[in-house]
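The numbers here are math on the coordinates, done by the rules we state, and not lab data. No experiment lies behind these values; they were computed from the predicted model shown. Cβ sites come from the backbone with ideal geometry, for glycine too, and all protein chains shown count toward neighbours.
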Amino acid sequence: MPGSKQPVAAIIGWPVSHSLSPRLHNYWLSEYGLPGEYERMPVEPAHLAQAIKELPGTGMRGVNLTIPHKEAVIPLLDEVDAVAKSIGAVNTIIIDRGRMRGTNTDAYGFLANIRPHLPASRKKAVVLGAGGAAKAVCHALLEAGFTEIQVTNRTFARAQELAAAFGKKLSAKEWDTRANLLEGADLLVNTTSLGMAGKEPLELALDALPRHALVTDIVYVPLVTPLLTQAEKRGNPIVDGLGMLLHQAVPAFEAWFGIRPEVTPQLRRHILEGRA
Ligand code: ATR
């Protein structure tokens, strides 16, 4: 069909070559018989403002943003919704009649991925890390009803800042105390880059963690991180991080194209093949 490869959406990042989002959205575009293509847009930080300004003229329905643009893009938009404001980052822009609205679907993606596996008791969660991903995770945990969220981070000041921004249910804890924090936890989340292929390992003894506690990692390379292997061995339920990537794309695709796409085992296999 002529023009069927028209860009209809894209991911803007620097670098952007490793992103799995094109493979994911193009799978759905084809699955639902929609024309056009989801593209990669490498944009260096100095050119972000110009690239964003030009978006409404491209005919695209919207874009995703990745490192290092999620925060820098905020002042460049016409509107930023409450979720993105609370997380302090925009990962999705929706273009509607020339206006650009920013939102953040990472918290949704995190929660949708773990929701079917959450234990009945949802009181205490321990979050490792205090970067951008941790903010989305904390937003999601509050929404899921957790009442005590302990954030521990190598740089304590970042944990304090995050805890202060999200209110009384959160508290900041020193990184050295992380193994002790696990006592009584219903959920353990790793949002640091530790355990990722090529990065340093995450050193954490799980002895204090109750067996019913769900353990999840937002790292998905490797798919089953050493933390998840360690947790599974002692009988804890685990959820890998790939599902967060798949689920965060659902509301974006729906907002752009009016179809709520499905996260299926076939999609997961397709993405894993692309990653290999
Ligand atoms: P993102 O926005 O993707 O979460 P980030 O802001 O760079 O990325 O955060 C990475 C997280 O991994 C941070 O919590 C970081 O801790 P610092 O705030 O102290 O930098 C954590 N991290 C990275 N390398 C680490 C290491 N060697 N030991 C402990 N934590 C580490």
Checklist entry - Roughly how many whole Å is it from the C-alpha centroid of the range 42-110 to that of the range 230-276? => result 22
Checklist entry - On average, how much area does the Cα convex hull of the chain cover when viewed from any direction, in nm²? => result 14.6
Next on the checklist: Rounding to the nearest 10 and keeping the result within 0 to 90°, find how far the Cα-based axis of helix 21-31 lies from the longest principal axis of the chain.
Outcome noted: 60
Next on the checklist: Students often get this wrong, so check it: of LYS5/LYS199; LYS5/LYS135; LYS123/LYS199; LYS199/LYS233; LYS70/LYS233, which have C-alpha atoms separated by over 28 Å?
Outcome noted: LYS5/LYS199; LYS5/LYS135; LYS123/LYS199; LYS70/LYS233
Checklist entry - What Rg and what Dmax come out for the range 1-152 when only alpha-carbon atoms are used, in angstroms? => result 17.1, 55
Checklist entry - Which far-off residues, 5 or more places away or on another chain, put their amide H under 5 Å from the one on ILE149, with H placed in the peptide plane? => result ALA125, LEU170, SER171
Checklist entry - On the first, second and third principal axes, largest extent first, how far apart are the outermost C-alpha atoms of the range 211-276 in Å? => result 43, 28, 17
Checklist entry - For the pair ALA72 and THR155, what calculated FRET efficiency results from E = 1/(1 + (r/R0)^6), where r is the Cβ-Cβ distance and R0 = 22 Å, to the nearest 0.05? => result 0.55
Checklist entry - How do 216-229, 47-60, 152-165 rank on mean C-beta neighbours within 10 Å, highest first? => result 216-229, 152-165, 47-60
Checklist entry - If each residue's Cβ is checked for other Cβ atoms within 10 Å, how do TYR38, TYR32, TYR27 rank with the fewest at the top? => result TYR32, TYR27, TYR38
Item to check | Inverse of mean 1/r across different Cα pairs in the range 102-178, Kirkwood, Å | outcome: 12.5
Checklist entry - Classify the range 1-58: rounded, prolate or oblate, from the alpha-carbon gyration tensor (a ≥ b ≥ c, eigenvalue square roots; a/c under 1.5 rounded; otherwise prolate if a/b is larger than b/c)? => result oblate
Item to check | Long-range tail of P(r) for the range 159-276 (Cα pairs > 23 Å, %) | outcome: 43
Item to check | Dimensions (Å) - the range 170-223, Cα atoms, principal axes, largest first | outcome: 31, 24, 22
Checklist outcome for this item: In deg cm²/dmol, rounded to the nearest 500, the helical mean residue ellipticity at 222 nm of the chain, built from -39500 (n - 2.57) for every DSSP H run of length 4 or more, is -10000 deg cm²/dmol
